[in-house]
2 protein chains.
Amino acid sequence: MKRYEALAEDIAQSMRQGVLAPGDRLPSVRQASKQRCVSPSTVFQAYYLLEARGLIRARARSGYYVLGHAAVWPPEPDAALPATGTRAGAEIGHAASVEVSDRVFDVLEASRAPGVAPLGSAFPEAGLFPLQRLGRLLAHAGQRMDPASTLDDLSPGNARLRRQIALRYLADGLTVHPDEIVVTNGALEALNLCLSAVTRPGDTVLLESPTFYAALQALERHGLHAVEVPTHPREGMDLAALAQALAQHAPAACWLMTNFQNPLGSLMPEAKKRELVALLARHGVPLIEDDVYGELYFSVRRPLPAKAYDSQGLVMHCGSFSKCLAPGYRVGWAAPGRFARAVTRLKLSTTLGTCAPAQAALAAYLEKGGYDRHLRRLRDTLAARQQAFVQAVARHFPEGTRATRPEGGYFLWLELPAGVDALMLHRHALAQGISVAPGPIFSAQDRYRHCLRLNYGHADGALDAVETLGRMAHALAGQPRRRPA
Amino acid sequence: MKRYEALAEDIAQSMRQGVLAPGDRLPSVRQASKQRCVSPSTVFQAYYLLEARGLIRARARSGYYVLGHAAVWPPEPDAALPATGTRAGAEIGHAASVEVSDRVFDVLEASRAPGVAPLGSAFPEAGLFPLQRLGRLLAHAGQRMDPASTLDDLSPGNARLRRQIALRYLADGLTVHPDEIVVTNGALEALNLCLSAVTRPGDTVLLESPTFYAALQALERHGLHAVEVPTHPREGMDLAALAQALAQHAPAACWLMTNFQNPLGSLMPEAKKRELVALLARHGVPLIEDDVYGELYFSVRRPLPAKAYDSQGLVMHCGSFSKCLAPGYRVGWAAPGRFARAVTRLKLSTTLGTCAPAQAALAAYLEKGGYDRHLRRLRDTLAARQQAFVQAVARHFPEGTRATRPEGGYFLWLELPAGVDALMLHRHALAQGISVAPGPIFSAQDRYRHCLRLNYGHADGALDAVETLGRMAHALAGQPRRRPA
């Protein structure tokens with residue numbers, strides 16, 4: 001981390017801890033330069049970065065002020081999830097899992113219907129991506145396609161693209177050799193292949209609770225048992241509970257998201273990531289790390305993945321361009337550590353390869369530069385949408401609603417007042433042309449009946465949809481509706 | 001079938017049966033028109049078609065003559081494979097299957113190495129495909145990509161492409177609704193999804209023997225038991241043996257190739273296909289029909305798939321553009337009958353979708369026409385290469401070598417004299433820069449140790465490679481090398 005980034009991160013941390021409150025004026029550049037013993041230009045760069053991240057704003061002839069959202073955030077959800085003991089060993093049997101799957105598919109299909117406000121969608125707004133520029137590179141790739149690439153780009157994938165992915169790891173301080181990288185049909189395939197590589201039917205896998213529904217579906221398809229480990233809405237999986245689950249269940253793998261977890265949006269602190277990796281390594285348990293939102297941070301630098309702390313080759317890191325750059329291209333990857341060869345061979349025998357011209361186009365895009373510029377714009381947009389969205393939630397949802405405070409990504413997790421049935425809200429909302437992702441699809445055990453995951457990555461109609469949802473939630477909670485302030 | 005096609009097929013059949021021998025002169029257009037009670041223009045069209053297929057040739061001022069290959073073909077392999085009884089219930093256990101998989105991967109990887117004559121490859125020469133024209137369409141698709149398509153084209157897939165695939169079925173006389181079609185990441189994914197949809201771990205699946213190695217790998221991954229059913233080198237799976245296996249094993253599915261089977265090249269006659277479908281329907285057993293080579297026929301019309309005879313929705317037909325049009329694009333499909341919804345949902349939860357611009361480009365290609373023209377050229381090229389290749393085999397391989405006589409595709413299956421170890425030949429050949437596909441990779445039970453699958457779809461160096469292979473086979477057979485005639 002450069003000096004100005006460290007300074008910016010320091011200031012951002014003060015804001016997160018409430019030391020700096022919304023509306024506070026930051027020290028002048030000259031003052032800060034003295035206080036912090038850094039050059040004025042370092043302070044300037046740090047302020048510039050914080051401004052670009054939407055955390056502070058300059059007022060003409062007056063200095064920099066903290067932009068704040070704390071005032072309008074609903075309270076955070078309780079972290080007091082049931083202890084592991086009560087749910088340990090719960091199996092995703094065939095009957096239970098089918099129910100989960102059907103719900104998940106219903107939600108996914110509903111959020112794809114035309115004209116529906118896609119608050120239940122798993123995708124950000126496609127208009128946020130440089131599809132035209134990618135299209136031109138795809139044009140180039142398609143027209144100059146070397147016939148040999150039809151074979152050469154089969155798994156593990158296009159060599160140029162794997163090199164570019166390795167360079168991005170390097171920029172974040174991780175050494176991942178291109179030979180470790182397997183290009184996949186999106187991160188979803190990467191995750192599934194990693195799971196196949198380290199489990200056999202009947203094995204147990206540790207998951208977060210709540211967890212990304214595709215993990216539940218994958219366990220179901222593979223005939224695996226799930227143990228859901230309590231997960232903190234701000235800091236991710238509870239490591240004490242994890243330790244207990246490791247001792248009790250001798251799992252074959254642990255599958256989780258360290259950065260901007262789906263659905264909670266939690267971000268595991270670095271020290272905790274290090275501890276997570278060490279803990280799993282002591283048990284020799286591979287970690288399947290889904291990191292598809294890691295690039296969508298709102299603070300000053302990319303949060304490292306747990307992979308950064310892995311010295312045993314046990315962390316199987318999965319990434320994607322689908323959420324950050326090229327939705328629809330279906331290009332992701334796995335960096336599966338010591339399991340790279342197994343994953344490559346699994347890919348060869350299931351889908352053989354990933355679309356060769358799409359791989360070449362993404363390689364060209366990354367080589368030409370501009371990805372970071374695009375990402376900065378994307379982060380700023382998502383951060384701004386989060387602000388507006390959260391304010392609307394605070395305004396329109398009933399008393400007692402709690403919301404997570406994600407520092408990246410595009411999901412908000414709501415805990416509604418007890419008694420509000422999220423599945424019923426889901427049905428009512430659909431009738432009004434709004435999709436939501438109801439809590440129970442994020443658990444094999446029908447938890448989170450009063451929770452919702454909402455996608456704030458879409459512009460059109462999202463705030464109106466929040467107002468409508470809030471009205472429905474009021475009705476279901478049996479509360480009179482508050483008058484908007 | 002049009003009248004001229006029927007006439008051409010009739011003449012082609014006479015050639016296959018030896019009624020018309022190489023060098024024979026066909027009746028003049030006027031004579032044939034009288035004999036067959038068709039118009040001269042119908043005869044002319046039929047002769048033109050046979051000429052385009054490489055079956056006859058016009059000599060100036062002399063008429064049409066039968067081109068022949070019978071004279072140079074080695075004898076056909078024995079159809080006398082062991083009866084089902086002896087292998088019934090054989091399980092692909094974990095240990096055994098890993099061995100199969102490793103061999104398969106070694107062969108695949110070896111055939112991809114640069115500079116190796118790819119006689120072991122599963123792909124035809126990439127230069128045979130209209131990659132430039134596809135590239136232009138991909139350019140168009142990429143640059144005009146509607147952001148909505150990133151969601152709309154997820155499984156079951158691009159609506160225009162599914163409609164074009166349905167229209168191709170219709171042209172062959174099959175009614176397959178676009179809603180039944182699921183676009184996949186190549187046929188390999190389609191086959192795997194179909195298998196997942198109708199089996200659970202521990203189930204038994206009937207396969208051909210020898211069989212496409214990816215079927216063995218798929219059964220292994222899914223924890224399924226394999227029963228290998230004897231398969232005739234010319235007419236495909238033995239239906240009496242199949243009936244016995246159905247009665248004995250209560251299988252969950254049957255997986256086979258009716259057209260130009262990999263590796264034998266066998267083509268199941270239409271009446272037999274009808275019987276196959278009826279037999280499986282009586283047992284309520286789904287058929288996974290891999291038909292990726294169906295478009296590569298050398299006779300006058302596309303052989304129908306078994307799907308054409310299905311009235312129960314039990315046939316899951318899998319096709320692809322990878323072998324016929326767009327290698328590297330990784331676009332195939334399944335038409336899984338009554339299992340369409342299950343397959344769509346499995347695709348959604350494993351790889352979500354297929355590359356959207358690639359789907360759009362193929363849809364545009366099919367809409368614009370020209371696919372059939374390309375296919376005609378491709379078939380002619382492959383048919384001609386088969387001729388030259390087989391002659392080289394007949395010339396250079398040792399006495400006692402048998403070869404199949406595929407009427408399409410690009411694989412030749414050789415039975416070498418007993419005692420020639422194909423795995424050893426494979427290793428020796430690799431050392432000389434030639435890959436081959438040794439027989440044992442086509443069986444879970446280490447059969448076909450003296451067999452080879454050779455790919456005749458590549459031009460450069462293929463005939464020299466055959467000569468080298470023949471020399472090695474002579475040495476391994478302990479035969480003095482015949483002097484080339």
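Look at the stretch B:180-188: the mean tally of other chain Cβ atoms within 10 Å of its residues' Cβ atoms is 3.
Once the convex hull of the alpha carbons of the protein assembly as shown is built, what does its volume come to per residue, in cubic angstrom? Given the Cα convex hull of the protein assembly as shown, per-residue volume reads 175 Å³. Between rounded, prolate and oblate, where does region A:157-222 land on the alpha carbon gyration tensor, with a ≥ b ≥ c its root eigenvalues, rounded for a/c under 1.5, else prolate if a/b exceeds b/c? In terms of gyration-tensor shape, prolate. Per residue, the convex hull spanned by the Cα atoms of region A:3-68 measures out at 75 cubic angstrom. Using the Karplus relation 6.51 cos²θ - 1.76 cosθ + 1.60 with θ = phi - 60°, the per-residue 3J(HN,Hα) values for region A:316-321 come to 9, 8, 10, x, 7, 9 Hz, with x marking Gly and Pro. Bridge orientation summary for chain B: considering DSSP beta bridges with both residues in this region, about 60 percent are antiparallel. May I ask for the distance between the Cα centers of region A:419-485 and region B:218-261, given as a whole number of Å? Taking the Cα centre of region B:218-261 as reference, the centre of region A:419-485 is 51 Å away. Need one word for region A:298-357: rounded, prolate or oblate. Basis is the Cα gyration tensor (sqrt eigenvalues a ≥ b ≥ c); a/c below 1.5 gives rounded, then a/b vs b/c decides. Verdict is oblate for region A:298-357.
Here the spin labels are modelled as points 7 Å beyond Cα on the Cα-Cβ line, and at B:Asp102 and B:Gln13 they lie 5.1 nm apart. Overall size of region A:131-369 from C-alpha positions, given as principal axis extents largest first: 56, 41, 29 Å. Please list, ordered by chain and number, the residues whose modelled amide H lies under 5 Å from the amide H of A:Ala403; skip anything fewer than 5 residues away on the same chain. Counting only residues 5 or more places away or on other chains, the set is A:Glu76, A:Glu415. Under a 5 Å amide H cut-off, with hydrogens placed 1.01 Å from N, B:Ala226 pairs with B:Ile92, B:Val205 among residues at least 5 apart or on other chains.
Could you work out how far the C-alpha centroid of region A:116-152 sits from that of region B:344-373, in angstrom? What the calculation gives is 14 Å, centre to centre.
Shielding of peptide B:353-363 by partners, expressed as the average count of other chain Cβ atoms within 10 Å per residue Cβ, is 6. You can think of it this way: the chain between B:Tyr65 and B:Ala278 has 72.6 nm of extra reach, that is 0.36 nm per residue less the Cα-Cα gap.
For region B:51-63, backbone phi angles converted through the Karplus equation (6.51, -1.76, 1.60; θ = phi - 60°) give residue-by-residue couplings of 5, 4, 7, x, 9, 9, 9, 7, 10, 3, 6, 9, x Hz, Gly and Pro being listed as x.
Annotation: amide H-H contacts under 5 Å for A:Leu119 (H modelled 1.01 Å from N, sequence separation of 5 or more, or interchain): A:Ser435.
Of interest is the spacing of the C-alpha centroids, which for region A:165-182 and region A:194-209 amounts to 25 Å.
Counts of other chain beta carbons within 10 angstrom of each beta carbon in peptide A:342-352 average 6. For region B:429-445, putting each phi into the Karplus relation 6.51 cos²θ - 1.76 cosθ + 1.60 with θ = phi - 60° gives couplings of 5, 4, 4, 9, x, 10, 9, 9, 9, x, x, x, 6, 9, 8, 7, 10 Hz, in residue order, rounded to whole numbers and with x for Gly and Pro. Each Lys or Arg adds one and each Asp or Glu takes one away; over the other residues whose Cβ falls under 12 Å from the Cβ of A:Asn185, this sums to +2.
With the cut-off at 1.5 for a/c, could you classify chain A from its C-alpha gyration tensor as rounded, prolate or oblate? Rounded, since a/c falls under 1.5.
Bear in mind these aren't lab numbers, they're just calculated from the coordinates by the rules spelled out. Values in this document were obtained by computation on a predicted structure and should not be read as measured data. FYI the Cβ positions are ideal-geometry reconstructions off the backbone, even for glycines, and counts take in every protein chain you see.
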